[in-house]
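See below for the structure under consideration.
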Amino acid sequence: MPDAGTRPSAPTSPGRVFHMTATSDPTAARPPGPEPPVRLSLTPEGATPGRLDGAWWPRSHDLLRELPPLAAALDPTWGKITRVTVNPTHWPVIPRRVPVEGHVIHVGWFEQEQDADEVMVCSFVPLRLELLVIPPEAEASAAEWLMTAASDPANTRTGTDLLTAAGVPTADPRAGG
């Protein structure tokens, strides 16, 4: 990761952050108990979103494990999440359906049509959110900057562009990297 002098300046509008906790190692085995809070930031209410609507920092590359907490965080405000599309670059297994509390999320994927570092979330309302996906293994300081940058209404960069600016590698888990 580049030093603070080479990283772009932090955006001026931090957005809404839901339970952004970065104190534990996201790749470590999780002890039994309740799921930790989802790490999600969204453009502030009332603001016109920029290129992205926010960022999501999952704890693993397992959609069956990661989508239920994301849906639980978004469903109350945005309506039931009904569909998610991903680029398979970061997801070694892409289930067609993911059961969540009270409904099922249909999952699709696009290799060339969708930025490798973004996820599209669609709700019943209908509403569509474009979120940066921060790799689970990203350092906490970089993830915090990315959460802020992606939810900034002035952002015009893609997910991949933001990760590159933060110096976060975009490894392909399917390749063992």
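Applying the set (1) free of Cβ contacts under 8 Å to residues at least 40 places away in the same chain; (2) among the β-branched types (Val, Ile, Thr); (3) over 22 Å from Pro76 (Cα atoms) to Ile105 leaves exactly one unmet item: (3). Filtered by the rule that a residue be farther than 23 Å from Trp78 by Cα and polar (S, T, N, Q), region 121-155 gives a lone residue, Ser141. On inspection, Thr164 qualifies as without any contact (Cβ under 8 Å) to a residue 60 or more places away in the chain and assigned to a helix (DSSP H, G or I).
Tell me which residues, restricted to region 51-69, are within 18 Å of Thr158 (Cβ to Cβ) and either free of Cβ contacts under 8 Å to residues at least 12 places away in the same chain or open to solvent by 10 Å² or more (accessible area, probe 1.4 Å) (or both). Can you show your working first?
Within region 51-69, the subset within 18 Å of Thr158 (Cβ to Cβ) is 51-57.
Answer for region 51-69, where residues must be within 18 Å of Thr158 (Cβ to Cβ) and either free of Cβ contacts under 8 Å to residues at least 12 places away in the same chain or open to solvent by 10 Å² or more (accessible area, probe 1.4 Å) (or both): Arg51, Asp53.
When residues of region 116-133 are filtered for being surrounded by fewer than 16 Cβ atoms within 10 Å (Cβ to Cβ) and either of a type in the set (S, T, N, Q) or touching a strand residue (DSSP E or B) at 6+ places or on another chain (Cβ under 7 Å) (or both), how many remain?
Of all residues in region 116-133, those surrounded by fewer than 16 Cβ atoms within 10 Å (Cβ to Cβ) come to 124-128.
Applying the additional criterion that residues be either of a type in the set (S, T, N, Q) or touching a strand residue (DSSP E or B) at 6+ places or on another chain (Cβ under 7 Å) (or both) yields 124, 128.
Adding up the residues that qualify gives 2.
For (1) at pLDDT below 95; (2) crowded, with 19+ Cβ neighbours inside 10 Å; (3) not in a helix (DSSP H, G or I), each residue gets a yes or a no:
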{"site": "Ala71", "(1), (2), (3)": "no, yes, no"}
{"site": "Pro76", "(1), (2), (3)": "yes, no, no"}
{"site": "Val98", "(1), (2), (3)": "no, yes, yes"}
{"site": "Gln114", "(1), (2), (3)": "yes, yes, yes"}
{"site": "Ala138", "(1), (2), (3)": "no, yes, yes"}
{"site": "Leu146", "(1), (2), (3)": "no, yes, no"}
{"site": "Ala149", "(1), (2), (3)": "no, yes, no"}
{"site": "Arg157", "(1), (2), (3)": "no, no, yes"}
{"site": "Thr160", "(1), (2), (3)": "yes, no, no"}
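Looking at region 44-56, is at least one residue in a strand (DSSP E or B), at pLDDT 85 or above and at positive phi? Show your work before the answer.
First, pick out the residues of region 44-56 that are in a strand (DSSP E or B): 54-56.
Narrowing further to those that are at pLDDT 85 or above: 54-56.
Filter once more, so that each one left must be at positive phi: 54.
Yes, that holds for at least one residue.
Within region 116-132, the set of residues being at pLDDT 95 or above and either more than 13 Å from Ala55 (Cβ to Cβ) or more than 15 Å from the chain's Cα centre (by Cα) (or both) comprises Met120, Cys122.
Across region 78-96, what is the number of residues that are part of a strand (DSSP E or B) and either open to solvent by 40 Å² or more (accessible area, probe 1.4 Å) or among the hydroxyl-bearing types (Ser, Thr, Tyr) (or both)? Outline the logic, then answer.
Kept after step one, since they are part of a strand (DSSP E or B), are these residues of region 78-96: 81-86.
The next check asks that each one be either open to solvent by 40 Å² or more (accessible area, probe 1.4 Å) or among the hydroxyl-bearing types (Ser, Thr, Tyr) (or both); those that pass are 82-83, 85.
Count: 3.
The values are calculated or read from the model by the stated rules, or taken from the named source; none is laboratory data. On a predicted model such as this, the values are computed, not experimentally measured, just so you know. A quick note on method: Cβ atoms are made from the backbone with ideal geometry, for glycine too, and the neighbour counts reach across all protein chains shown. Surface areas here come from the heavy atoms of the whole protein model, side chains and all, with no ligands, DNA or RNA. Shrake-Rupley method; radii C 1.70, N 1.55, O 1.52, S 1.80 Å.
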